[in-house]
Amino acid sequence: EWGVSRGRLMPVHHVYGEDEIPESARRALQESLVLVHGGMAQNVGPILEMVTEKYLLRSETEWAGRQEALGLLEELIDALKKGDIRTLGRATMKNFRGPIQAIIPWATNLFTETLIARAEERFGGDFWGFWMLGGMSGGGMGFIFAPERKAEAQEAMRDIMAEAKARLQYALPFAMDPVVYDFAINGNGTTADLRAGDGAALPAGYYKLIVPPLLRRDPSTLSAAQRADLQQFETASREDASFGSALPQVLEDMAAPSDGPAEDDGESLQGLLETNGFDRKLHERIRTDLLAGRIGLSQNRLPGTSLIEDVAPGDVVDLSSGPAAGEHDLRSAAEAGAAALAAGELAVVTLAAGAGSRWTGGAGTCKALNPFAPLDGPYRTFIEAHLAKSRKVAREFGAEIPHVFTTSYLTTQPTRDFLASVSNYGYAGPLAVSPGRSVGLRMVPTERDLRFAWEEMPQQVLDEQQQKVRDSGRAALINWAKESGEAADYTDNLPLQCLHPVGHFFEIPNLILNGTLRRLLDVRPQLQTLLLHNIDTLGADADPVLLGMHRHAGHGLTFEVITRRLEDRGGGLARVNGRTRLVEGLAMPDEEAEFGLSFYNSLTTWIDLDQFLALCGLTRDDILAGDDAKLAAAMRALADRLPTYITLKDVKKRWGHGQEDVFPVTQFEKLWGDLTVLPEANAGYFVVPRLRGQQLKDPAQLDGWLRDGSAEHVRSLCAWE
């Protein structure tokens, strides 16, 4: 960058005066532009990183797009100077469709494309163009219309956005309802007045928000500015009539927290627990172990004396770069797999219980419903891509494949409603949504776990004053845990804030507990194998070769692993004290041990149904009989044999009037890969190509996914309806 970059993030900006862009042009823009916020709240960081990376690398297509954008800038400025808003609209639309998406295709999304299409459909030639106003679309946006139709367009865009948001609210990260702004061009920009002395008080609403938290703080930790705020508030409360209601409001906010559980308009906590299969016996067992110190944050890790080694060549069947020479007759395996598919002996199970908070930067959505990328034209959801893969295999082998999506208390109803709204994407085979029948109730953390998290885990080093504030807050939380009762049920919040998911081990047991497996066996008594995979493992499909190899090997569980890359975090395949098994990231004693492993777990698993039922102490007849008590006892017994991981999760409790507190709570997980701890599980391992096993966990991966052939590979596996 020497001699190229000027060493600053933002370029020099020029503010146009009225001698350059006259008042008539400004008025023309104002009379045509419908300014909106779509309501989406997205993390623009990955987009900006992609832009920067492509700028530094001078990628050919993206660099050409940048040069085109610079040319369009001159066209935009010229149109503004002339007050030619129709030309301006064409230029902003061309910029959005051309350079912006050439550089970063992910700057747009299905919500934005829906709005543009509806505006074009409704207004025809009187819709002059779309104007993206941020790092990515869905938030601040502009729609340019013929001025005589602006008032109509404002009403129409409000309705169009509300309808699109209602349809996509569980698929995309909306933070608020869409709004249409009533705006005027401000020739001065942002301005402020400096007040001093008695006139230095800010509006009463400001103090209503900031004073209660300050009064809860240790006075010695307050900064000079915070002390000044309190002093100004005290003076204004006595002398300024406009502050008459401010002091009573602050006192009300201070007294707002209560000892009773929070209520909301939804189902009660007890009702949610009963509906979602809360296992009180398992819960009490975990509480007992937690108080006894048998489980906890420090006990998540394997003992320091454990010998963790990379696997040997004979521990895996390596299919990552072609046939495993001399180990299997691939033709025979392919024939066996094809025969099993044609006979209807396979069902696909896709894990879709998660809210996808990592994908959306924290927003609660249903990742399965997220329209993540355009494939062969339209934006496709994760769920549509998986059904398209099963459809293609079914057509090839002449037998429809049952497809099951496992869900949770967070995603069951939205998934069912969405599938109904799209007519199951025209999927002809048996299609089921498997609701969760295992849910956890959060607990108050133990002092032992809080101290481990704060004193033994890596921490950011703060300056002296900040550290003092943090230590004071942590001491208060330890006192809260002791007073509330360590490992006591956490119920003092909204019901949904008290529940937690209990890990993906329970997804196959849920098929048994909620009757989905029984219904599958009723219509497919010949069912022999389940293919389990995660919703974001887009390259996994019902491959006949892998199915045949799994059957020839005779494994109860065959796990697919991929060659590890630096970004693959969360455990892997290892030899632990001489035994080959999957090790979860929570169990790793240190980072160095994980970096020494060659293979990463994709979670995709071929399951021999009869062997899994035997592992649970069950038979097909037990499943068909539907004895709920027997099935629940069998699932609990299997869960008891697996490690229990304890994690801390921060949850918010809102008191109203803009006040909220954050509490750490304890929750547990049991994970599918830990079945490899059990010798009776009879586990085996296939190393598969990365195109098959990689997972889309973060939108930042989309750009590489598009460029490295992954997107094209997924297209080749799909038959869209």
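The values are calculated or read from the model by the stated rules, or taken from the named source; none is laboratory data. As the structure is a computational prediction, the values presented were derived from the model and not from experiment. All Cβ positions, glycine included, derive from the backbone under ideal geometry; neighbour counts span all protein chains shown. SASA here: full protein model, heavy atoms, side chains in, ligands and nucleic acids out. Shrake-Rupley method; radii C 1.70, N 1.55, O 1.52, S 1.80 Å.
Only a single item in (1) open to solvent by 60 Å² or more (accessible area, probe 1.4 Å); (2) not in a helix (DSSP H, G or I) is not met by Gly17, and it is number (1).
Among the conditions (1) crowded, with 21+ Cβ neighbours inside 10 Å; (2) modelled with pLDDT of 95 or more; (3) within 24 Å of Ser357 (Cα to Cα), the only one that Thr114 does not satisfy is (1).
Taking the range 560-571 as the range and being part of a strand (DSSP E or B), over 16 Å from Ala587 (Cβ atoms) and in contact with a Leu (Cβ under 7 Å, 6 or more places away or on another chain) as the test, only Val561 passes. Condition check: of a type in the set (D, E, K, R), farther than 27 Å from Ala634 by Cα, open to solvent by 30 Å² or more (accessible area, probe 1.4 Å) and in a helix (DSSP H, G or I). Does Glu592 satisfy that? Spelling it out, Glu592 is indeed of a type in the set (D, E, K, R), farther than 27 Å from Ala634 by Cα, open to solvent by 30 Å² or more (accessible area, probe 1.4 Å) and in a helix (DSSP H, G or I). The condition (being more than 21 Å from the chain's Cα centre (by Cα), of a type in the set (A, V, I, L, M), over 19 Å from Gln695 (Cβ atoms) and buried (at least 23 other Cβ atoms within 10 Å of the Cβ)) is satisfied by just one residue among Ala343, Ala338, Ala347: Ala347. Scanning the range 335-372 for residues that are in a loop (DSSP other than H, G, I, E, B), within 28 Å of His500 (Cβ to Cβ), at pLDDT 85 or above and touching a strand residue (DSSP E or B) at 6+ places or on another chain (Cβ under 9 Å) yields Ala352, Ala353, Asn370. Within the bounds of the range 423-430, is there any residue that is open to solvent by 20 Å² or more (accessible area, probe 1.4 Å), hydroxyl-bearing (Ser, Thr, Tyr) and out of contact with any strand residue (DSSP E or B) (no Cβ under 9 Å at 6 or more places or on another chain)? Yes; the residues of the range 423-430 include at least one that is open to solvent by 20 Å² or more (accessible area, probe 1.4 Å), hydroxyl-bearing (Ser, Thr, Tyr) and out of contact with any strand residue (DSSP E or B) (no Cβ under 9 Å at 6 or more places or on another chain). The residues listed here are Arg569, Arg551; of these, the one that is touching a residue at least 24 places away in the same chain (Cβ under 8 Å) and either buried (at least 24 other Cβ atoms within 10 Å of the Cβ) or within 25 Å of the chain's Cα centre (by Cα) (or both) is Arg569.
Is one or more of the residues making up the range 607-623 open to solvent by less than 30 Å² (accessible area, probe 1.4 Å) and small (Gly, Ala, Ser)? No; the residues of the range 607-623 include none that is open to solvent by less than 30 Å² (accessible area, probe 1.4 Å) and small (Gly, Ala, Ser).
If you check His403 against the conditions, is it open to solvent by less than 10 Å² (accessible area, probe 1.4 Å) and touching a residue at least 60 places away in the same chain (Cβ under 8 Å)?
Values: open to solvent by less than 10 Å² (accessible area, probe 1.4 Å): yes; touching a residue at least 60 places away in the same chain (Cβ under 8 Å): no.
Considered against the rule, which asks whether it is open to solvent by less than 10 Å² (accessible area, probe 1.4 Å) and touching a residue at least 60 places away in the same chain (Cβ under 8 Å), His403 comes out as no.
When restricted to residues that are more than 30 Å from Arg395 (Cα to Cα), charged (D, E, K, R) and either open to solvent by 50 Å² or more (accessible area, probe 1.4 Å) or in a loop (DSSP other than H, G, I, E, B) (or both), the range 698-721 contains 1.
Within the range 463-474, is there a residue that is without any contact (Cβ under 8 Å) to a residue 24 or more places away in the chain, open to solvent by less than 60 Å² (accessible area, probe 1.4 Å), small (Gly, Ala, Ser) and part of a helix (DSSP H, G or I)? Looking through the range 463-474, at least one residue is without any contact (Cβ under 8 Å) to a residue 24 or more places away in the chain, open to solvent by less than 60 Å² (accessible area, probe 1.4 Å), small (Gly, Ala, Ser) and part of a helix (DSSP H, G or I).
Taking the conditions exactly as written (on the phi < 0 side of the Ramachandran plot, assigned to a helix (DSSP H, G or I), open to solvent by 30 Å² or more (accessible area, probe 1.4 Å) and in contact with a Pro (Cβ under 9 Å, 6 or more places away or on another chain)), does Leu586 satisfy them or not? Reasoning before the result, please.
Working: on the phi < 0 side of the Ramachandran plot: yes; assigned to a helix (DSSP H, G or I): yes; open to solvent by 30 Å² or more (accessible area, probe 1.4 Å): yes; in contact with a Pro (Cβ under 9 Å, 6 or more places away or on another chain): yes.
It is true that Leu586 is on the phi < 0 side of the Ramachandran plot, assigned to a helix (DSSP H, G or I), open to solvent by 30 Å² or more (accessible area, probe 1.4 Å) and in contact with a Pro (Cβ under 9 Å, 6 or more places away or on another chain).
Taken together, the criteria exclude Gly277 from residues that are farther than 29 Å from Arg448 by Cβ and part of a helix (DSSP H, G or I).
Of everything in the range 520-545 that is assigned to a helix (DSSP H, G or I), touching a helix residue (DSSP H, G or I) at 6+ places or on another chain (Cβ under 7 Å) and aliphatic (A, V, I, L, M), the residue that is most open to solvent (accessible area, probe 1.4 Å) is Val545.
Buried (at least 21 other Cβ atoms within 10 Å of the Cβ), touching a Ser or Thr at 6+ places or on another chain (Cβ under 7 Å), touching a residue at least 60 places away in the same chain (Cβ under 8 Å) and closer than 13 Å to Asn601 by Cβ: does that describe Gly693? Before the answer, list the steps.
Working: buried (at least 21 other Cβ atoms within 10 Å of the Cβ): yes; touching a Ser or Thr at 6+ places or on another chain (Cβ under 7 Å): yes; touching a residue at least 60 places away in the same chain (Cβ under 8 Å): yes; closer than 13 Å to Asn601 by Cβ: yes.
Yes.
On the given criteria, is Ser421 touching a Gly at 6+ places or on another chain (Cβ under 7 Å) and either at positive phi or of a type in the set (Ser, Thr, Tyr) (or both)? Judged against the criteria, Ser421 is not a match. Looking only at the range 178-187, decide whether some residue is within 30 Å of Leu369 (Cα to Cα), more than 28 Å from the chain's Cα centre (by Cα), in contact (Cβ under 8 Å) with a residue 60 or more places away in the chain and open to solvent by 50 Å² or more (accessible area, probe 1.4 Å). Within the range 178-187, one or more residues are within 30 Å of Leu369 (Cα to Cα), more than 28 Å from the chain's Cα centre (by Cα), in contact (Cβ under 8 Å) with a residue 60 or more places away in the chain and open to solvent by 50 Å² or more (accessible area, probe 1.4 Å).
State whether the residues of the range 673-687 include one that is closer than 30 Å to Cys498 by Cα, surrounded by fewer than 18 Cβ atoms within 10 Å (Cβ to Cβ) and among the charged types (D, E, K, R). No; the residues of the range 673-687 include none that is closer than 30 Å to Cys498 by Cα, surrounded by fewer than 18 Cβ atoms within 10 Å (Cβ to Cβ) and among the charged types (D, E, K, R). Within the range 78-86, not a single residue is under 30 Å from Gly704 (Cα atoms) and open to solvent by 30 Å² or more (accessible area, probe 1.4 Å).
Annotation note: of Leu706, Leu648, Leu717, the sole residue that is in contact (Cβ under 8 Å) with a residue 12 or more places away in the chain, in contact with a helix residue (DSSP H, G or I) (Cβ under 6 Å, 6 or more places away or on another chain) and more than 27 Å from Phe506 (Cβ to Cβ) is Leu717.
Restrict the check to the range 309-322 and report whether at least one residue is open to solvent by 70 Å² or more (accessible area, probe 1.4 Å) and closer than 24 Å to Pro643 by Cβ. Yes, there is a match, as at least one residue in the range 309-322 is open to solvent by 70 Å² or more (accessible area, probe 1.4 Å) and closer than 24 Å to Pro643 by Cβ. Counted as qualifying within the range 378-454 are the strands (runs of 3 or more DSSP E) with 1 or more residues that are more than 30 Å from Phe663 (Cβ to Cβ) and hydroxyl-bearing (Ser, Thr, Tyr), namely 379-381, 431-434. Any residue in the range 620-639 that is assigned to a helix (DSSP H, G or I) sitting within a Cβ distance under 9 Å of a residue that is open to solvent by less than 30 Å² (accessible area, probe 1.4 Å) and of a type in the set (Phe, Trp, Tyr)? List the pairs, counting only those 6 or more apart or interchain. So the pair list comes out as Met635/Phe506; Leu638/Phe505; Ala639/Phe505; Ala639/Phe506.
Candidates Tyr645, Tyr600: the one that is among the aromatic types (Phe, Trp, Tyr), open to solvent by 30 Å² or more (accessible area, probe 1.4 Å) and under 26 Å from the mean Cα position of the chain (by Cα) is Tyr600. Here Gln154 meets the list (1) touching a helix residue (DSSP H, G or I) at 6+ places or on another chain (Cβ under 7 Å); (2) open to solvent by 40 Å² or more (accessible area, probe 1.4 Å) almost entirely, failing just condition (1).
Within the range 88-102, the set of residues being under 27 Å from the mean Cα position of the chain (by Cα) and under 11 Å from Glu68 (Cα atoms) comprises Ile100, Ala102.
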